[in-house]
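The values are calculated or read from the model by the stated rules, or taken from the named source; none is laboratory data. The shown structure was predicted, so the numbers you read here are calculated from the model rather than taken from an experiment. Cβ: placed from backbone, ideal geometry, glycine included. Neighbour counts: every protein chain shown. Ligands, DNA and RNA are excluded from the accessible area calculation, which covers all protein heavy atoms including side chains. Shrake-Rupley method; radii C 1.70, N 1.55, O 1.52, S 1.80 Å.
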Amino acid sequence: EWPADAEFLNDIDIDKNGAVFVSDMYSDRIFALINDNFDVWLQSPHFIKPNGLYVDNNNLLVGTNDTIYSVYIETKEINPFLEGTGRIDGLESAKNHQYVFSDWTGHIHLSSPGKEIKLILNTAKDTIQAADIEYCASKDMILVPTFFHNTVTAYELVRK
C-alpha cells in the first residue's frame with residue numbers, strides 16, 4: 001500500500017537485497033519498500049526535489065536540484081558525489097566508472113566523480129524534454145524517452 005503522505009513518487013531503483021527505493025520530489029524524501037513495509041527511508045535538507053535514483057553497490061545515488069548525493073545504504077550517511085549537475089531526472093551508470101544523467105529540459109551529461117561534467121546531448125533548443133533514461137551496456141547506448149513527443153531515441157555514446 002502507498003504511504004498516505006507520499007506526494008509525488010517519481011524514480012525507483014532496487015538494491016541487491018531487494019529493497020526498493022523511490023524518490024518523492026514534492027516532499028524531498030526517499031521512501032523504501034523493505035520486507036513489505038513501504039515508508040520514509042530518509043529525509044534530508046540536502047534532498048531538494050530528489051528525482052533520479054541509482055543503486056551503485058552499497059550506495060544509493062540521489063539526483064537532486066543541482067547535486068548527485070551518495071547515500072551509504074547501511075548507515076544512511078550522505079556525501080556529495082557530483083556537484084553542479086543541474087536538475088537531475090534520469091541517472092544511470094555507464095562504462096569506465098562514468099555516470100550518465102538527464103535533466104527535464106533535454107540535456108544529457110556524462111561524468112565521473114572529480115571529473116568535468118560533459119554535455120553529450122542537447123535537445124533543449126528543439127523543446128524535446130528528456131525523461132528518465134536507460135543505459136544499455138552491451139551497446140554502449142543511452143535510451144531517451146521524451147515528454148510530449150511520444151518517442152524513445154537511442155544514442156550511441158562516443159567517448160573522445
1/(1 + (r/R0)^6) with r = Cβ-Cβ of Asp5 and Thr151, R0 = 22 Å, i.e. FRET efficiency to nearest 0.05, evaluates to 0.05
Contact order normalised by length for the chain, with contacts defined as Cα pairs under 8 Å and 6 or more residues apart; what percent is it? 12 percent
Judged on accessible area alone, 1.4 Å probe, highest first, Ile120, Ile108 line up as Ile120, Ile108
Sorted by chain and then number, the residues having a modelled amide H within less than 5 Å of the amide H of Glu134, at least 5 places away or on another chain, are Leu143
The range 45-141: GluC sites (Glu not before Pro) falling in loop per DSSP and having at most 15 other Cβ within 10 Å: Glu74, Glu116
Computed over the chain, protein heavy atoms only, probe 1.4 angstrom, the accessible area per residue in square angstrom equals 56 Å²
Going through the cross-link list Lys115/Lys139; Lys16/Lys76; Lys49/Lys76; Lys95/Lys139, which pairs have a Cα-Cα distance over 20 Å in this structure? Lys115/Lys139
Please list, in order along the range 110-124, the HN-Hα scalar couplings obtained from phi with the Karplus expression 6.51 cos²θ - 1.76 cosθ + 1.60 (θ = phi - 60°), rounded to whole Hz, x for Gly and Pro. 10, 6, 9, x, x, 10, 5, 7, 9, 6, 10, 7, 9, 10, 4
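Out of the total accessible area of the chain (probe 1.4 Å, heavy atoms of protein only), what percent is carbon and sulfur?
Using a 1.4 Å probe with all protein chains present, the chain comes out at 49 percent carbon and sulfur.
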Using θ = phi - 60° and the Karplus curve 6.51 cos²θ - 1.76 cosθ + 1.60, what whole-Hz ³J(HN,Hα) does each residue of the range 77-93 get, with Gly and Pro shown as x? 5, 10, 9, x, 10, 9, 10, x, 8, x, 7, 6, 10, x, 8, 9, 8
Global geometry of the range 1-77, whether rounded, prolate or oblate, following the gyration tensor of its Cα atoms and the 1.5 cut on a/c: oblate
Residue-by-residue Karplus 3J(HN,Hα) for the range 53-68, coefficients 6.51, -1.76, 1.60, Hz, glycine and proline x: 10, 8, 7, 10, 6, 9, 10, 9, 8, 10, x, 10, 5, 8, 8, 9
Under a point-charge model restricted to the Cβ atoms of Lys and Arg (+1) and Asp and Glu (-1), what is the dipole moment magnitude of the range 72-141 relative to its Cα centre, in debye to the nearest 20? 200 debye
